[in-house]
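Heads up, the thing below is written out as structure tokens.
The values are calculated or read from the model by the stated rules, or taken from the named source; none is laboratory data. Values in this document were obtained by computation on a predicted structure and should not be read as measured data. No Cβ is skipped: glycine too gets one built from the backbone with ideal geometry, and neighbour counts run over all protein chains shown.
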Amino acid sequence: MSKNIINFVLYKDSHFFSSFPSIALLDDNRLLLLFRRARDSRWLLDDNDDESNKLKQQVDHVDSRSQLTKIYFDLDLNPITEPAPLPINPEAADQDASVLVLSNKSILLSSFSWYPIHSRIARALKKEEFCPYGHIDITGCFYISWGVYTRISKDLGNTWTSHNYLPILPNALEVLPGKRTSHGGSIRGQAIEIGNEILLPVYSRLKSDNVDTSHVYYSKDMGKSWTYRSMIARDAQQKLNLNEPALLHLGGDRIMAFMRNTSGNDHLVTATSNDRGHTWEDWVERKVIGHPTHPLRLSDGRVFICYGYRHEPFGIRGHLMDSSAENFIGEEIIIRDDGLCGDVGYPWSVEMPDGRILVVYYFTTEGGIRHIAGSLLTLKSL
């Protein structure tokens with residue numbers, strides 16, 4: 001397979017930690033980029049100090065003021081608007097962005113939130129056998145998961161409905177007993193629309209478990225309301241966290257979930273359903289190493305997957321699959337391998353009108369500024 005790859009920067013600002021993007025091709029020949037933007041004070045550090053250089057490689061994915069930000073681009077990837085934050089949740093900090101253009105031309109946005117807690121309050125809550133996320137010397141304060149929410153835009157992303165948190169996930173570990181339950185857990189991955197249903201993949205931890213499991217909700221009213229459907233995958237041996245699921249429609253009622261394999265060997269894990277997620281076959285490990293995976297159905301029927309590669313050399317990779325998503329085609333595609341550290345990835349792809357594949361992701365290069373980058377791929381079968 002021959003390939004041609006062009007890399008570029010979509011958004012970069014030293015004052016912000018920009019990450020976890022998704023992108024959609026709109027009917028008016030614009031691209032809508034959504035990503036998580038948070039404060040990043042590393043720009044204050046001395047570039048020539050060893051301790052500063054270590055801090056520039058430190059992974060830190062929570063911030064009390066993180067927000068989702070949008071930018072529109074033309075088909076030549078020129079920005080046609082300034083970065084603009086979506087209306088925020090005044091209580092919690094918004095995280096990963098996942099978008100889906102629906103058949104009625106509305107845009108479905110799914111994400112999740114962290115609720116910040118002052119260290120004094122966190123210490124008091126710990127007496128109640130509560131364990132928040134974070135460390136005062138790393139994250140600045142503590143956090144609890146506030147749940148998965150969806151928002152809808154009916155005007156190509158100009159305005160959005162308010163945060164609509166998912167119903168309680170059955171048997172999930174409570175966030176704070178008696179005060180906050182698990183509203184879907186967390187999300188990073190592609191939803192799909194089949195017939196009169198939207199299927200939304202999430203991940204969380206069940207009360208009896210020590211590892212994450214993946215699940216799916218569904219909507220029959222174009223995303224206005226949601227109902228829990230089923231658990232996609234769980235490691236009965238309690239060794240692997242199976243999370244960050246993304247869905248792919250295989251035709252008919254058959255779908256496949258692509259999951260991150262955390263606390264294991266970082267191999268891609270997939271599971272298949274023949275009945276729109278009511279039941280699932282046993283999950284299987286695939287040969288791909290990296291996470292999380294975004295699957296894209298191409299116009300020629302094949303499937304392109306892309307994923308972050310947090311092993312040296314750090315970067316972004318991809319692979320072609322046949323139409324069934326069961327068999328890999330050719331060799332792994334190294335999109336880029338020049339990352340400064342493992343704090344890279346979370347790619348999302350879209351097929352452009354000219355047939356090229358646009359992959360967007362966040363990246364860290366020399367200087368340590370987390371930014372949104374993109375790659376245009378031209379793939380030709382020999």
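Here are the numbers:
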| read-out | value |
| --- | --- |
| Unique match (being farther than 21 Å from Gly157 by Cα and of a type outside the set (S, T, N, Q)) among Glu51, Glu82 | Glu51 |
| Yes/no for Asp76 being under 24 Å from His15 (Cβ atoms) and either touching a helix residue (DSSP H, G or I) at 6+ places or on another chain (Cβ under 6 Å) or among the acidic types (Asp, Glu) (or both) | no |
| Pairs with Cβ under 8 Å, 6+ apart, first in the stretch 355-369 and in contact (Cβ under 8 Å) with a residue 24 or more places away in the chain, second basic (Lys, Arg) and assigned to a loop (DSSP other than H, G, I, E, B) | Ile369/Lys12 |
| Residue list for the stretch 321-374, restricted to those being touching a strand residue (DSSP E or B) at 6+ places or on another chain (Cβ under 7 Å), surrounded by 20 or more Cβ atoms within 10 Å (Cβ to Cβ), more than 20 Å from Asp300 (Cβ to Cβ) and β-branched (Val, Ile, Thr) | Val344, Val360, Thr364, Ile372 |
| Number of positions in the stretch 356-381 that are outside any strand (DSSP E or B) and either of a type in the set (Val, Ile, Thr) or modelled with pLDDT under 95 (or both) | 6 |
| Scan of the stretch 46-68 for residues that are surrounded by 12 or more Cβ atoms within 10 Å (Cβ to Cβ), in contact (Cβ under 8 Å) with a residue 40 or more places away in the chain and either under 20 Å from the mean Cα position of the chain (by Cα) or assigned to a loop (DSSP other than H, G, I, E, B) (or both), ordered by number | Gln57, Asp60, His61, Val62, Asp63, Ser64, Ser66, Leu68 |
| Members of the stretch 316-348 that are closer than 18 Å to Gly189 by Cα and among the hydrophobic types (A, V, I, L, M, F, W, C) | Ile316, Ala325, Val344, Trp348 |
| Contacts under 6 angstrom Cβ, first residue in the stretch 186-205 being free of Cβ contacts under 8 Å to residues at least 40 places away in the same chain and crowded, with 24+ Cβ neighbours inside 10 Å, partner among the small types (Gly, Ala, Ser) and assigned to a loop (DSSP other than H, G, I, E, B), 6 or more apart | Ser204/Ser182; Ser204/Gly185 |
| Residues being surrounded by fewer than 18 Cβ atoms within 10 Å (Cβ to Cβ), within 14 Å of Ile369 (Cα to Cα) and touching a Lys or Arg at 6+ places or on another chain (Cβ under 8 Å) - total across the stretch 21-41 | 1 |
| Residues satisfying the stated conditions in the stretch 332-341, i.e. modelled with pLDDT under 95 and within 20 Å of the chain's Cα centre (by Cα) | Cys341 |
| Check on Glu82, surrounded by fewer than 16 Cβ atoms within 10 Å (Cβ to Cβ) and more than 26 Å from Ser375 (Cα to Cα) | no |
| Any hit, the stretch 288-300, residues being in contact with a helix residue (DSSP H, G or I) (Cβ under 8 Å, 6 or more places away or on another chain) and surrounded by fewer than 21 Cβ atoms within 10 Å (Cβ to Cβ) | no |
| Residues of the stretch 15-62 that turn out to be at pLDDT 90 or above and of a type in the set (Lys, Arg), as a count | 4 |
